[in-house]
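The values are calculated or read from the model by the stated rules, or taken from the named source; none is laboratory data. Please read all numbers here as calculations on a predicted model, not as lab measurements. Here Cβ is always computed from backbone atoms with ideal geometry, including for glycine, and neighbour counts include all displayed protein chains. Side chains are part of the model used for accessible areas, which takes the heavy atoms of the whole protein and leaves out ligands, DNA and RNA. Shrake-Rupley method; radii C 1.70, N 1.55, O 1.52, S 1.80 Å.
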Amino acid sequence: MEPKFIPYSKKILRGEELLAESRRHYHFMEGRRTVREFSTEPVSIEVIENIIMSASTAPSGANKQPWTFCVVTSPELKSQIRIAAEKEEYDSYNSRMPQEWLDDLSYLGTDWNKPFLEDAPALIIVFKKSYDLENEVKKTNYYVTESVGIACGFLIQAIHQCGLVALTHTPSPMNFLCKLLNRPINEKPFLLIPIGYPAENVMVPNIQRKDKNQVIINYK
Ligand code: IYR
């Protein structure tokens with residue numbers, strides 16, 4: 001296909017204005033926390049769809065956008081997902097996860113109980129597509145894990161920007177989601193993200209983020 005180009009422009013910042021904006025954004029993002037207890041207060045589907053469409057602006061290999069975002073608000077389906085996820089999580093916590101893993105998680109206070117799967121007004125289940133299926137013909141996608149990971153980053157950022165909260169949840173294994181959501185063969189579950197308002201007086205673990213010297217190496 002012939003490359004086709006269109007003009008692109010965006011607001012450019014420099015100097016003090018740029019510095020102030022970079023600081024403002026960093027402090028805003030520094031305030032984001034993963035929340036594990038949700039209020040049952042609903043969030044409108046339009047808000048959720050705008051957030052997902054923000055995620056879907058993410059860059060992807062050959063712009064294939066190899067993702068599907070399933071939004072579950074049905075109480076019956078949320079309950080079925082909770083039952084299936086807790087079954088896997090029970091086995092994980094009780095026999096599958098090695099002691100080192102359990103020790104690494106102990107500060108979070110998590111266990112196999114996942115009430116947020118019913119409390120949160122919506123569950124966003126992200127699927128990755130290693131290939132597309134067009135009339136039963138396989139069309140390859142590229143850098144699928146990277147692309148879907150970036151889209152999930154955009155999703156979490158958009159949720160935070162809207163003043164809502166989320167949890168990046170990975171019940172393991174996640175195959176039960178393909179069946180429950182009746183997804184086609186080319187879609188594999190990637191992340192399950194409950195979204196909503198935080199429960200009243202919610203607490204979060206007192207974690208520390210690595211500082212600049214631990215995450216940045218400057219080559220001048
Ligand atoms: N998926 C499990 C366990 C879990 C694993 C990691 I790595 C975490 O950072 C948090 C939890 C659960 O959701 O409880």
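Mind checking which of V144, V204, V71 has the largest fluctuation in a GNM of the chain, springs on alpha carbons under 10 Å?
Fluctuation is largest for V204.
Can you work out the FRET efficiency for the pair R14 and N50, with r the C-beta to C-beta distance and R0 = 35 Å, to the nearest 0.05?
Calculated transfer efficiency: 0.70.
Given F38, Y90, L19, which one lies farthest toward the positive end of the charge dipole of the chain, if we put +1 on the Cβ of every Lys and Arg and -1 on the Cβ of every Asp and Glu?
Of the listed residues, the answer is L19.
On full extension of the chain, what length is gained from M29 through A62, given 0.36 nm per residue of separation minus the C-alpha to C-alpha distance?
9.0 nm
Kindly identify the chain as rounded, prolate or oblate by the Cα gyration tensor criterion: order the square roots of the eigenvalues as a ≥ b ≥ c, call it rounded if a/c is under 1.5, otherwise compare a/b with b/c, prolate if a/b is larger, else oblate.
oblate
Cut-off 20 Å, label point 7 angstrom out along Cα-to-Cβ of N201: give me the residues of the range 32-66 whose amide nitrogen falls inside.
Correct set: 35-41.
Could you state the accessible area per residue of the range 49-201 in Å², with a 1.4 Å probe and every protein chain left in place?
Roughly 53 Å² per residue, with all protein chains present.
Summarise the accessible area of the chain (1.4 Å probe, protein heavy atoms) by the percent that is carbon and sulfur.
53 percent
Between S74 and S95, what is the spin-label point distance in nm, taking each point 7 Å from the Cα along the Cα→C-beta axis?
With each label point 7 Å from Cα toward Cβ, the separation is 3.2 nm.
Assign one of three labels to the range 1-51, namely rounded, prolate or oblate, based on the Cα gyration tensor with a ≥ b ≥ c the square roots of its eigenvalues; rounded applies when a/c is under 1.5, prolate when it is not and a/b is larger than b/c, and oblate otherwise.
Note, shape of the range 1-51 comes out oblate.
Along Cα→Cβ, 7 Å out, is where each label goes; now give me the distance between the ones at E134 and L102 in nm to one decimal.
Each label point is offset 7 Å from its Cα along the Cβ direction, giving 5.0 nm.
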